[in-house]
Amino acid sequence: MRLAILSRKPDLYSTKALVRAAEKRGHEVQVMDTLLFDIRISTRKPELFYDGKPVQGIDAVLPRIGASITFYGLAVVRQFEMMGVYCVNESQAIARSRDKLRCLQLLCRHDIGIPPTVFTRKADHVPACIERVEGPPVVVKLLEGTQGIGVVLAESERAAGSVIEAFHGLDQNILIQKFIKESKGADIRAFVVGRKVVAAMKRQALTGEFRSNLHRGGTANKFRLPAEYRKTALAATRVLGLRVAGVDLIESSEGPMVMEVNSSPGLEGIQKTTGVEIADAIIEHLEKEVTPVS
Ligand SMILES: Nc1ncnc2c1ncn2[C@@H]1O[C@H](COP(=O)(O)OP(=O)(O)O)[C@@H](O)[C@H]1O
Ligand SMILES: [Mg+2]
């Protein structure tokens, strides 16, 4: 099949791993910079141009859309969908996962554990909101943050108030979340491909840090996912409509809670930690789903 990987960074570990896996399995693969597409919309004729030339003959698209280009990236993926090209993760599903509020709103209609969360725009509502999530302390987080940036632990009502004021002053929307202290700075990343969890790792934050992101210095270990966690990760992926996802779970005293679902999860940390060739699993999944036109 002819596969296009949408990525701004051909040299990234994840992109290279996917290219290698696709080529190894005999596919034709092209890394395309998401921002170099032009989108032409005319009646019954959706088109894309890449570097000035019409895009044709692509059987499948693997979007790797970074947080900083969500808007344009989603428009490009949507255009591929309009052209009838199979996209591993669809634009709607990516959009649902990008916004942490929207994601939790969708998950909360199902039997999926999530941390108690409130959303407010009003500074004078903050004390009541903190109480509603049994704080202080509380976690304050940006709706569209990644890599642990924009996730803050506020120990007191006053600290929470000033962080929230600062974010609102920058016109940033935030969530106030119950601090799950029993997780002790650990979280679990479950990597889902299709209807399976193909790999899982446990990440532990540095001493004195509660964010377990590898980008924040967290360390990772291979993890045997208990059945309840597996079920939760798969349910969250299904509710959002994703086919490839990195589900972040936290261990609370009430069982697993989904913190977020990543639609372009990194491959480096999880492949190196678990030894699972996740890129191969993604390409194999594509082979089952896609019938090449050419
Ligand atoms: N409510 C919470 N209670 C305890 N720890 C949390 C909570 N929310 C986030 N964390 C920690 O912070 C990390 C980053 O939070 P997350 O919501 O995944 O944001 P990001 O998109 O920046 O990764 C998590 O992996 C977890 O270790
Ligand atoms: Mg995260």
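The values are calculated or read from the model by the stated rules, or taken from the named source; none is laboratory data. Predicted model only: the values in this text are computed from it and were never measured. As a convention, Cβ positions derive from the backbone with ideal geometry for all residues, glycine included, and neighbour counts pool all protein chains shown.
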Out of (1) buried (at least 18 other Cβ atoms within 10 Å of the Cβ); (2) modelled with pLDDT of 95 or more, the odd one out for Gly135 is which?
(2)
How many of the residues making up the stretch 154-192 are closer than 30 Å to Ala279 by Cα and more than 14 Å from ligand 1 (Cβ to nearest atom)?
2
The stretch 28-54, residues that are within 20 Å of Val290 (Cα to Cα) and surrounded by 19 or more Cβ atoms within 10 Å (Cβ to Cβ)
Val29, Val31, Met32
Return yes or no: is Val261 hydrophobic (A, V, I, L, M, F, W, C) and more than 30 Å from Gln56 (Cβ to Cβ)?
yes
Looking at the stretch 179-216, which of its residues are in a loop (DSSP other than H, G, I, E, B), among the basic types (Lys, Arg) and under 18 Å from the mean Cα position of the chain (by Cα)?
Arg195, Arg211
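I'm checking my understanding of the structure. Among residues of the stretch 198-213 that are out of contact with any Phe, Trp or Tyr (no Cβ under 6 Å at 6 or more places or on another chain) and crowded, with 20+ Cβ neighbours inside 10 Å, which one is nearest to Lys141 (Cα to Cα)? Steps first, answer last, please.
From the stretch 198-213, those out of contact with any Phe, Trp or Tyr (no Cβ under 6 Å at 6 or more places or on another chain) are 203-213; that's our starting set.
Applying the additional criterion that residues be crowded, with 20+ Cβ neighbours inside 10 Å yields 203, 205, 210-212.
Details: Arg203: 19, Ala205: 17, Phe210: 13, Arg211: 11, Ser212: 14 Å.
The extreme case among them is Arg211.
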Using the structure shown, decide if Val126 is assigned to a helix (DSSP H, G or I), in contact with a Ser or Thr (Cβ under 9 Å, 6 or more places away or on another chain) and closer than 29 Å to Gly266 by Cβ.
no
Look through the stretch 205-248, keep the residues that are within 9 Å of ligand 1 (Cβ to nearest atom) and touching a strand residue (DSSP E or B) at 6+ places or on another chain (Cβ under 8 Å), and return whichever of them is nearest to Ile94 (Cα to Cα).
Asp248
Just for the stretch 111-153: of the residues that are closer than 18 Å to Phe167 by Cα and of a type in the set (D, E, K, R), which one is farthest from ligand 1 (Cβ to nearest atom)?
Asp124
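Among the residues in the stretch 206-217, are any within 16 Å of ligand 2 (Cβ to nearest atom), free of Cβ contacts under 8 Å to residues at least 24 places away in the same chain and farther than 19 Å from Ser253 by Cα? Give the steps one after another, and end with the answer.
Just the residues of the stretch 206-217 that are within 16 Å of ligand 2 (Cβ to nearest atom), to begin with: 206, 209-217.
From what's left, free of Cβ contacts under 8 Å to residues at least 24 places away in the same chain: 206, 217.
Subset that is farther than 19 Å from Ser253 by Cα: 206, 217.
Checked against the condition, which is being within 16 Å of ligand 2 (Cβ to nearest atom), free of Cβ contacts under 8 Å to residues at least 24 places away in the same chain and farther than 19 Å from Ser253 by Cα, the stretch 206-217 yields at least one hit.
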Exactly one condition in (1) closer than 28 Å to Leu267 by Cα; (2) in contact with an Asp or Glu (Cβ under 8 Å, 6 or more places away or on another chain); (3) at pLDDT 95 or above is false for Lys178; which is it?
(1)
